[in-house]
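> My questions will all concern the structure given below.
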Amino acid sequence: MRSVSLAPGLELIDLALFLPERRVLVLADIHLGIEDALKDEGVLVPRQHLAQVWQRLERIFRERHITLSEPLQKIIINGDLRHQFGPLSRVEHRESKEFLRWLAQWTEQIVLVEGNHDGSLREFQSERITVTKSYSEGNCWFVHGDEALIPSSLLPSPSKGRGARGEGDHDGPGKGSWLVIGHEHPAVGLRDPVTGRTEVYKCFLVGAFKEHNLLVLPSFNQLVRGSDLLKEQPISPFVQQSDLEEFSVYVVSDDGALYEFGPLRRLLISL
């Protein structure tokens, strides 16, 4: 499958979430500048992560007929645009500006939801770039997922009214609402029955948090596969407080195809 429809107006495509009726694309955990962190750990990789992110996004744009003359309405980056903690490094600053300038060709507005790596993004805020801790679009609420922000804390403030910056155009979570997070970098290790080798693949997780649907986005980081949930414990409080074994798993291949594997417990049983 090249895409999966989760609900009316919600579509998984490659490593991103697409809201076709609103022309909104959502991705998480890009981690620009990760090459420097890997170098500090003794792992030398070519500085090609940004180019790989561009290539993967261009593939999505082609599949959804998004062009420079017919751009998206919004692109939401749901946390961790950059990799290092603390102030932006020289490389992160340069790559972030370059990436945002490139994105601006493809969309009318960019929303940067702050993640735990994003302590210094306010300098990028402008008329076309919103920096915020949470954001709503339709019946979706976007938070990075490193903090246990519950839906009631995301309700629009009556003093601000509808349409205030960062609030989107939804009256608040309710029945049928979706919490969309990143942070977890979900992945699963799948064993080849012929060779016996295990390959780790990025994946979406679809489950529930209290009375809300919960969607966990895979990382858009092209250099690191992620955390194998068949071997590692979840790190997001949203996932820790949910029934992880009942989450549906949608594996994403390197070429962007999606495969539904059913609930995670089936994969755990097969270990």
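> Taking the Cβ of Gly189 as the center, what net charge do the other residues with Cβ under 13 Å away carry, scoring Lys and Arg +1 and Asp and Glu -1? List each step's numbers first, then the result.
Values: positive: Arg191, Arg197, Lys202, Arg225, Lys231; negative: Asp192, Glu199, Asp228, Glu232.
Neighbourhood net charge equals +1.
> Related question: Evaluate E = 1/(1 + (r/R0)^6) for Thr198 and Ser69, where r is the Cβ-Cβ distance and R0 equals 45 Å; express this FRET efficiency to the nearest 0.05.
On the way: r = 45 Å, r/R0 = 0.99.
The pair Thr198/Ser69 has a calculated efficiency of 0.50.
> Using unit Cβ charges (K, R positive; D, E negative) and no other charged atoms, how large, in debye to the nearest 20, is the dipole of the stretch 176-245 about its Cα centre? Provide the component values of the computation, followed by the final result.
Numbers: 6 positive and 8 negative charges, 37 e Å.
Value, rounded to 20: 180 debye.
> What does the charge add up to near Pro237, with Lys and Arg as +1, Asp and Glu as -1, over the other residues with Cβ less than 11 Å from its Cβ? Provide the component values of the computation, followed by the final result.
Numbers: positive: none; negative: Asp146, Glu147, Glu184.
Around Pro237, the charge tally is -3.
> Still on this model: Kindly put Cys203, Cys140 in sequence by how many other C-beta atoms sit within 10 Å of each C-beta, fewest to most.
On the way: Cys203 28, Cys140 25.
Listing Cys203, Cys140 from fewest to most nearby Cβ atoms yields Cys140, Cys203.
> Fewest to most neighbouring Cβ within 10 Å: what's the order for His212, His49, His31? List each step's numbers first, then the result.
Values: His212 19, His49 22, His31 25.
Ranked by crowding around the Cβ, least crowded first: His212, His49, His31.
> Could I ask something else about it? Which shape class applies to the stretch 218-271: rounded if a/c is under 1.5, otherwise prolate when a/b exceeds b/c and oblate if not, where a ≥ b ≥ c are the square roots of the Cα gyration tensor eigenvalues?
Details: a/c = 1.82, a/b = 1.24, b/c = 1.46.
Cα axes put the stretch 218-271 in the oblate bin.
> Then there is this: In which sequence would Asp228, Asp29, Asp192, Asp146 go, from the one with the fewest C-beta neighbours within 10 Å to the one with the most? Each step should come with its number before you reach the end.
On the way: Asp228 17, Asp29 26, Asp192 9, Asp146 20.
Ordered by Cβ neighbours within 10 Å, fewest first: Asp192, Asp228, Asp146, Asp29.
> Output ³J(HN,Hα) for the stretch 226-243: one whole-Hz value per residue in order, computed from phi by the Karplus curve 6.51 cos²θ - 1.76 cosθ + 1.60 with θ = phi - 60°, and x for Gly and Pro.
Residue by residue, the stretch 226-243 yields x, 9, 6, 6, 7, 10, 10, 7, x, 10, 7, x, 5, 7, 4, 8, 10, 8 Hz.
> Follow-up question, since we're still on this one. Trp54 versus Asp255, label points 7 Å from Cα toward the beta carbon: distance in nm?
Result: 2.5 nm between the two label points.
Read the figures in this text as sums done on the coordinates, not as results from a lab. As the structure is a computational prediction, the values presented were derived from the model and not from experiment. Methodologically, a virtual Cβ is constructed for each residue, glycine included, from the backbone with ideal geometry; neighbour enumeration extends over all protein chains shown.
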